[in-house]
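Undergrad: Below is the structure I would like to discuss, written out as C-alpha cells.
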Amino acid sequence: MIVLGIESTAHTFGVGVVEDRPPYILADKRVNYVPSRGGIHPREAALYFMDNAVKVLREALSEAKLSVKDVDGIAVALGPGLGPCLRVGATIARALATYFRKPLVPVNHAVAHIEIGKLLTGFKDPLIVYLSGGNTMILAFSDGRYRVFGETLDIALGNFMDTFVREVGIAPPYVVNGVHKLDMCADEGKNFINLPYVVKGQDVSFSGLLTAALKLFRSGVYDLRDICYSVREVAYTSIVEVSERGLAHTKKKELLIVGGVAASKVLRTKFEVLSMLRGVRLGVVEPKYAVDNGVMIAWTGLLALKHGVSVEPERAYVRQRWRPDSVDIPWMS
Ligand code: FE2
C-alpha cells in the first residue's frame, strides 16, 4: 500500500509518500514559511503555501517516481493547527481525492508526530512527550486512544521559548544551525535566578514564567545570559517532572520525545538522566522528522487506511483544536 500525505498545519507545507514496507519513505518534500518579523502570520503562511503547493507536490511525486494514480490513498492533516494554513492542505487533498477517486484519510497532526516517532525508533508502546511550537503534551496509549497525561495550561513550550527570545531582542531567527536562541544564550549563563515554577497536578504553565522573566530583563539589573539560563532550567525541569510522573503512573518502558523542541541538547540530556534513573529506553526523533513534515501524515494515513479509516471529501472539515485524545487508534488495539 502506498499513501501520499499532506502537511500544512502551521509553518510547513510538506508532501510525503510512504509505502507499507522498508524503506517506507518514498518521498519527502517541504517548504517552510519564515515570518518577516514577529510570529507566524496565518494568512501570510497560507498564501506562501498556495504559491508553493503545486511545486512541492510535483517534486514529491517525481522523487517517488509515481503519479497520483498510483497511490492507494490521500492523507491530510486536518488539525490541530492554524485555520488558513490547514485549509490549503485540506483543499488540495480533497481535490486530489475527488479527481483521482482515491480514499481521503483524515490525520491528526499530533498522532502523526507519535506514529513517525514510533516507526523511526522501533518503539511499540511508549510514553510520549510531544514538544513543539504549538503543543506541549505527555501522552500514552490506553484503551483505544492516546490519552493525555499532562499538558500546558496556557502556551506551548516552543511558543514560550520563541516569544521570550523575540521580546528580549535576540530573535528572529529563532533557531541557528539547529540550536534554539534560548539554548544558545542559556549556555553562557552561570547564575540561577529564582523564577515561577508552575506544575499543577500533571499540567505545566509557562505564561507566568514568561511575564516574570521579561520583567527581570526589563529591570536592567540582571545579565540576559543568566535570565536565559534560569528560564531554561525552570521550563525544561517542569516538563521532565511531569514526564517522570507519567512514567510512574503508566509504567511504560519506553520514553519517546517528539516535536520540534526535541532537538535541544540540554533537554535531551535531562531526559537521558530520567530514563537512566527509571530504567526505561529513550527515543528521540531525529531533527529532520521531529519537525513538521508530510511523511508523518502519509505514514499515519497509511496505518489508518489499513484499518478502514477514511472520510468523504465533502465532510473533511479542518479542526483547529482537534485533540489527539479524541482520535480512535485502531492499529494499536
Ligand atoms: Fe508539529
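Every read-out reported here was derived from the displayed coordinates using simple, explicitly stated rules and does not represent laboratory data. Nothing here was measured: the structure is a model prediction, and the numbers come from that model. In this analysis, Cβ positions are derived from the backbone assuming ideal geometry, glycine residues included, and neighbour counts consider all displayed protein chains.
Undergrad: Is there a quick way to get the dipole size of the chain? I mean about its Cα centre, with the Cβ of Lys and Arg at +1 and of Asp and Glu at -1; what is the value in debye to the nearest 20?
TA: That gives the chain a dipole magnitude of about 240 debye.
Undergrad: Relative to the present Cα-Cα distance, how much length would full extension add between Trp331 and Thr98 at 0.36 nm per residue of separation?
TA: That works out to 81.3 nm of additional length.
Undergrad: Could you tell me the distance between the Cα centroids of region 24-44 and region 267-291, to the nearest Å?
TA: Here the answer is 26 Å between Cα centres.
Undergrad: Relative contact order for the chain: what is it in percent, counting Cα pairs under 8 Å that are at least 6 residues apart?
TA: That works out to 26 percent.
Undergrad: What distance in nm lies between label points placed 7 Å from Cα along the C-beta direction at Lys200 and Arg58?
TA: With each label point 7 Å from Cα toward Cβ, the separation is 5.1 nm.
Undergrad: Let me ask something additional. Could you pull out the chymotrypsin sites (Phe, Trp or Tyr not before Pro) across region 182-239 that fall in loop regions by DSSP (anything but H, G, I, E, B) with no more than 12 other Cβ atoms inside 10 Å?
TA: Listed in order of number, the matching sites are Phe192.
Undergrad: Between 0 and 90 degrees, rounded to the nearest ten: what's the tilt of helix 224-250 against the longest Cα principal axis of the chain?
TA: Taking the Cα atoms of the chain, the angle to 224-250 is about 60 degrees.
Undergrad: Take the alpha-carbon centre of region 159-189, take the same for region 56-128, and report the distance between them in whole Å.
TA: Region 159-189 and region 56-128 have Cα centres separated by 31 Å.
Undergrad: Could the peptides 142-155, 34-47, 104-117 be put in order, highest first, of the mean number of other beta-carbon atoms found within 10 Å of their residues?
TA: Highest-to-lowest ranking by the protection proxy: 104-117, 142-155, 34-47.
Undergrad: Where the only charges are on Cβ atoms (+1 Lys, Arg; -1 Asp, Glu), what is the dipole of region 213-261 about its Cα centre, to the nearest 20 debye?
TA: That gives region 213-261 a dipole magnitude of about 160 debye.
Undergrad: For helix 294-306, report the angle its Cα long axis makes with the longest principal axis of the Cα atoms of the chain; keep it between 0 and 90° and round to the nearest 10°.
TA: Tilt relative to the chain: about 60 degrees.
Undergrad: Give me the angle, in degrees from 0 to 90, between the Cα long axis of helix 265-278 and the longest principal axis of the Cα atoms of the chain, rounded to the nearest 10.
TA: On a 0 to 90 degree scale, this one is about 90.
Undergrad: DSSP loop (so not H, G, I, E, B), at most 13 other Cβ within 10 Å: list which trypsin sites (Lys or Arg not before Pro) in region 162-238 pass both filters.
TA: Hits after loop and neighbour filter: Lys190.
Undergrad: Using Cα springs under 10 Å in a Gaussian network model of the chain, which residue among Asp20, Asp183, Asp72 shows the largest mean-square fluctuation?
TA: Asp20
Undergrad: Now for a separate question. For Leu277 and Asp125 in the same chain, what is the full-extension length gain: residue separation times 0.36 nm, less their Cα-Cα distance, in nm?
TA: Difference between extended and current length: 52.8 nm.
Undergrad: Relative contact order for region 125-289 using alpha-carbon pairs under 8 Å, separation at least 6, rounded to a whole percent?
TA: Computed value for region 125-289: 27 percent relative contact order.
Undergrad: Here is a further query. Projecting each Cα onto the charge dipole of region 82-193 (Lys/Arg +1, Asp/Glu -1 at the beta carbon, about the Cα centre), which of Pro173, Met137, Gly122 comes out farthest on the positive side?
TA: Gly122
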